[in-house]
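The values are calculated or read from the model by the stated rules, or taken from the named source; none is laboratory data. The model shown is predicted, which means the values in this text are computed figures rather than measured ones. Virtual Cβ from ideal backbone geometry, glycine too; neighbours counted across all protein chains shown. SASA here: full protein model, heavy atoms, side chains in, ligands and nucleic acids out. Shrake-Rupley method; radii C 1.70, N 1.55, O 1.52, S 1.80 Å.
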Amino acid sequence: MAALGKIRKRGVALVIIIGLGLFAFIAEEAFRSCEATKNQQRQQVGEVLGNKINVQEFQALVDEYQEVLKMTQGVDNFTEEQLNSIKDEVWNEYVNEQIIASETDKIGLTVTDEEMQNIMKEGTNPILLRSPFVNQETGRFDATQLTKFLSDYKRSLKNSQLAESYEKVYKYWQFLEKQLRQQTLAQKYQALIANCLISNPISAKMAFEGQNQESDIQLASIAYSTINDNDVKIDDKDLKAKYDEQKEMFKQTVETRDIKYVSFQVVASAADRKALMTTMLDASQKLQSGANPAEVVRKAQSQFPYTGIAATKRAYPFDIAAKLDSIAVGQTTAPFETKGDNTLNVVKLISKTMMPDSIEYRQIQIGGATAEAAHKTADSVYTALKAGANFEELAKKYGQSGENMWLTSAMYENSNSMDEESKNYLNAINALAVNDVKNLEFSQGNIILQVINRKAMVEKYDVAVIKHTIDFSKGTYSDAYNKFSQYVSENKTLADLEKNAAKFGFNVQERKDLFNSEHTVAGLRATRETMKWIFDAKEGEVSPLYECGNNDDLLVVALTGIHPVGYRSMETMKDVLRQEVLRDKKFEQIKAKLAGVADIAAAKAKGARIDSVNQVTFTAPVFVQATGASEPALSGAVAVSKQGAFSKAVVKGNGGAYLFQVVKKSERQGAKFDEKMVEQQLQQQAMQAAGRFLQELYQKANVVDNRYLFF
């Protein structure tokens, strides 16, 4: 009872303590929930129509497409620029697929399995023709080949050795099938929209006349440039009125940002160049004196290896290939510079000869318990062949087919390295005459070679090349970095950066309307961190110093403007508006000057330039030499004027003001109206116009692209 009494006395305190405990528990859970949400947001690459895609999902799509390209293009890796292009393609495909799927879901439009089967039976779709299942005789997709492959694929899953190769082809087919279904759905939706735009005989007749009714005119023109800009008064009211009139033109669907920046590329100093030149001169002298070219090239750390195999010009860098016909065999060049790839180069032409570009040959590989045993067996085979034995029968005796194969120069001349045995093998094939047989000894056995055919004789060159980038030293980079770092640290504002740039030998540059979907800043590689800073910074901020490019560029950026989604402000569009208002006011001045003019002679008296312009049609805007502008408004005015008529009003053009008299109207020679054909052309134009529906849908899809945060 005493205990209960104490509890009652402290009841309020206990309630507060328990309440605080519950609040802390709830707050902790809420905090965890918020953190989880933030983590999810941090992983979002983008969003389309409210559908979010995270970095793992997007990377999976990129990886899938990369594997397809590796298989179809026969490459193992991609450059940074190629990877950026791949990511752009994947992103655009994802956005379009999401938009189309959303629209077709609303109306219940689908691609059925039966439709897919019919497309495959027809076998002419370009996507299907990229598959491995094309009948070489018919040139069409062969569904039976696909069926057989799918059956073989299921069996391959039980065989680990076959599974990997089958899996690659299977994934490739899955990708093509997905693409085919998406393409077909988009085409059906586009056709649905296009069929809402129909043609008729009246519009066909008008279109034909617009294309084929020609007018020859006498044109009186006064260019806007004849009026000095300073003689035209423009105030803010004029700009505001023009802004309100053209406001829709200034709408943007993606945020952009303006920057000013200073970049500096570190280059080799005079001392760096002198040190490299010493190395190149030494190498040149050694090559000229007859030293082993492979050893000289290796020690000089040339970017271009020496293989000892003669090759066509296409195997050498462009600057080296250009030298080959201007130097004699045995000659070594002095070091020369190539600006295009920033290198110093030395070339020695060791030999030049006519050799086949393609060689048909066959071979028998001879092995044995020991190398000596293999050599002995090979000698016997070689002797038998020289005595007239059948090559294929001997090959079968050693478990080989002895079938003919082709070797082309392109198969080996771009190799980065070449061991001695491979070099001997290739040289033997290249040197053998037709039907000659050669017994080649290798460390692990022998190869009996016979050349069957030699085709496409070309000039080949055995060349030792020393190509070395003109690199800067660590000391040069350190000096440049310290100078640039001092400039950045002493100038914390844009005003200071601009004020003191020349003092440090730098130049401030400007870039307007930078998109976050771009892959570089200031055209420099490795600027993803800079891009992230730009789209996170506030107007007026100056970035830290960035090291970028190919580890040879220094960069500092100032954010000067932010243009959010919506309408650009009048202030940012003032230059554009001013030009529009300037043109309007100049036109009004010229119009007033030409008031009351009723013929060409009167227009000339008012200072107009008179020209004859022929074959003016409605559908092809006339280009006026006198004003240097294309003038669709003039074409329209001429089209509705009768022969002999003088223009009813002064025509406002892009480059000037115009009056005209129609001298002659005629149908284009040879033109004949075919109602059905013209209607078909109009229908095709409607289909093309419908193809632009994605642009409209994109603007309404609330697309968010955050790829710059991850890639």
Check: What number, in percent, do you get for the relative contact order of the chain if the mean sequence gap of Cα pairs under 8 Å and at least 6 apart is divided by its residue count?
Finding: 23 percent
Margin query: Run through the range 394-483 and list the GluC sites (Glu not before Pro) located in a DSSP loop whose Cβ has at most 10 other Cβ atoms within 10 Å.
Written below: Glu403
Check: What is the set of long-range amide H partners of Ser358 at a cut-off below 5 Å, with H atoms built 1.01 Å from backbone N?
Finding: Lys455
Notebook entry, point to check: Once a ≥ b ≥ c are taken as the square roots of the eigenvalues of the Cα gyration tensor of the range 196-322, is the result rounded (a/c under 1.5), prolate (a/b larger than b/c) or oblate (a/b not larger than b/c)?
Noted result: prolate
Notebook entry, point to check: Out of residues 5 or more away from Ile562 or on other chains, whose amide H comes under 5 Å of its own, with H placed 1.01 Å from N in the peptide plane?
Noted result: Asp258
Checklist line | Angle between the chain longest axis and helix 574-593 axis [Cα atoms, degrees, rounded to 10] | finding: 50 degrees
Notebook entry, point to check: Helix 270-288 versus the longest principal axis of the chain: what angle, 0 to 90°, nearest 10, using Cα atoms?
Noted result: 40 degrees
Next item on the list: Using only the alpha carbons of the range 212-271, determine the length spanned along each of the three principal axes and report them from longest to shortest in whole angstroms.
Entry: 69, 38, 34
Notebook entry, point to check: Among the lysines, which have Cα under 26 Å from the Cα of Lys386 when same-chain residues fewer than 8 positions away are ignored?
Noted result: Lys376, Lys396, Lys397, Lys423, Lys438, Lys455
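In the range 344-408, carbon and sulfur make up what percent of the accessible area (probe 1.4 Å)?
48 percent
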Notebook entry, point to check: Ile234's amide H: which non-local residues (gap 5+, or another chain) put their own amide H closer than 5 Å, with H modeled 1.01 Å from N in plane and none for Pro or chain starts?
Noted result: none
Check: Heavy-atom accessible area per residue, the range 144-208, 1.4 Å probe: how many Å²?
Finding: 64 Å²
Check: When the helix-only estimate is applied to the chain (DSSP H runs of n ≥ 4, each -39,500 (n - 2.57), divided by the residue count), what is the mean residue ellipticity at 222 nm, nearest 500 deg cm²/dmol?
Finding: -15000 deg cm²/dmol
Check: Can you list the aspartates and glutamates whose alpha carbon is less than 18 Å from that of Lys606, not counting same-chain residues fewer than 8 positions off?
Finding: Glu588
Margin query: Between the range 291-358 and the range 225-281, what is the separation of their alpha carbon centroids in Å?
Written below: 43 Å
Notebook entry, point to check: Pairing the Cα long axis of helix 55-73 with the longest principal axis of the chain, what angle in degrees results, from 0 to 90 and rounded to the nearest 10?
Noted result: 60 degrees
Next item on the list: Provide the net charge surrounding Gln444, with neighbours chosen by a C-beta distance below 15 Å and charges set as Lys +1, Arg +1, Asp -1, Glu -1.
Entry: -4
